[in-house]
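A short worksheet on the structure shown next.
The values are calculated or read from the model by the stated rules, or taken from the named source; none is laboratory data. Because the structure is a prediction, the values reported are computed rather than measured. When we count neighbours, we look across all protein chains shown, and the Cβ atoms used for this are built from the backbone with ideal geometry, even at glycine.
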């Protein structure tokens, strides 16, 4: 992408509205904490690294708009806007630690969070591409899930950043983008980013992934994470666990690419993570049209937990953690 997913511009937060893609590319200007919280909750801005930056920028907004108890409450609303991804709470906490030093100090800390995520994307791309090549050879066919490119970060991305780096090296055999129900982040966002990068791809329904692996059409699964627990359990977009099981059965690598800011050593395992349960209408309707009978109920976890023993390796900006480590 030519533009950052999220940026601080003249006293406000500007984002690429991910709910409008791929039909329209809309840049939204968010001038209040309320607007930013709403953007986070509606997934106009999403992805673990981008949420960390959003949280930090939100505190910078709050520091300019509130004082006393109102400021404390605004910071809490930002931190809890979505409960599962650790980056959001961490970005908020880092910026909030500078509140006593004044609004400008808070902004400088938020900008540091942004800059670190940009540098992290570049480091993960190189490290991850080296690992994929070593495990799969010079022309791997990869399956991704959800969206892990620049839209989920600031620029570059996590797993999709690795895909882009392999493409730049001439060392990519193909990409399958899992569509990612119910909001189609793979079909809408990953496909859009792959188009922008000039990378050929195919979109597959989520449930096709394990079958494609069994048929020898995928050499590795590569995706991101919203939280990596102390024991290596991976919390990521729902559907990840099924792909991990498929990869284990097919005997192919299952690779997680995420910044160190996503590693949560204070959470022992996936069992200790609060999984966000989103509105049932996301499952019962599509594009504003009801697809299930009136009165139907739905369960809609936004994330699932992949046990650490199914993960071949975790790549961060600083290290590679393998199953044998």
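Residues in region 90-109 that are without any contact (Cβ under 8 Å) to a residue 40 or more places away in the chain, under 21 Å from the mean Cα position of the chain (by Cα) and surrounded by 21 or more Cβ atoms within 10 Å (Cβ to Cβ): 92 alone.
The combined condition, being out of contact with any strand residue (DSSP E or B) (no Cβ under 8 Å at 6 or more places or on another chain) and surrounded by 12 or more Cβ atoms within 10 Å (Cβ to Cβ), is not fulfilled by residue 269. Selection of region 161-183 for residues being on the phi > 0 side of the Ramachandran plot, surrounded by fewer than 20 Cβ atoms within 10 Å (Cβ to Cβ) and assigned to a loop (DSSP other than H, G, I, E, B) yields only 170.
Those residues that are over 23 Å from the mean Cα position of the chain (by Cα) and within 26 Å of residue 209 (Cα to Cα), I need them from region 279-301; list them, please.
From region 279-301, those over 23 Å from the mean Cα position of the chain (by Cα) are 284-285, 288-298; that's our starting set.
284, 285, 291, 292, 298, listed by residue number.
For region 273-295, a residue qualifies if it is touching a strand residue (DSSP E or B) at 6+ places or on another chain (Cβ under 7 Å) and either part of a strand (DSSP E or B) or in contact (Cβ under 8 Å) with a residue 40 or more places away in the chain (or both), and the qualifying residues are 273, 275, 276, 277.
Would you check which residues across region 161-194 are touching a strand residue (DSSP E or B) at 6+ places or on another chain (Cβ under 6 Å) and in contact (Cβ under 8 Å) with a residue 60 or more places away in the chain and list them? Once the filter is applied, which keeps residues that are touching a strand residue (DSSP E or B) at 6+ places or on another chain (Cβ under 6 Å) and in contact (Cβ under 8 Å) with a residue 60 or more places away in the chain, region 161-194 yields 162, 178, 191, 193. For residue 298, indicate whether it is modelled with pLDDT under 95 and in a loop (DSSP other than H, G, I, E, B). So residue 298 does not fit the description; no.
If only one of 69, 34 is over 21 Å from the mean Cα position of the chain (by Cα), assigned to a helix (DSSP H, G or I) and under 30 Å from residue 288 (Cα atoms), which one is it?
Numbers: 69 fails: under 30 Å from residue 288 (Cα atoms).
34 is the lone residue from the list that is over 21 Å from the mean Cα position of the chain (by Cα), assigned to a helix (DSSP H, G or I) and under 30 Å from residue 288 (Cα atoms).
Entry remark, region 198-216: residues being crowded, with 17+ Cβ neighbours inside 10 Å and touching a helix residue (DSSP H, G or I) at 6+ places or on another chain (Cβ under 9 Å) number 9 in total. Any residue in region 271-278 that is over 18 Å from residue 307 (Cβ atoms) and under 16 Å from the mean Cα position of the chain (by Cα)? Looking for residues that are over 18 Å from residue 307 (Cβ atoms) and under 16 Å from the mean Cα position of the chain (by Cα), one finds at least one in region 271-278, hence yes.
On the stretch given as region 195-213, residues that are touching a strand residue (DSSP E or B) at 6+ places or on another chain (Cβ under 7 Å), more than 19 Å from residue 247 (Cα to Cα) and in a helix (DSSP H, G or I) total 0.
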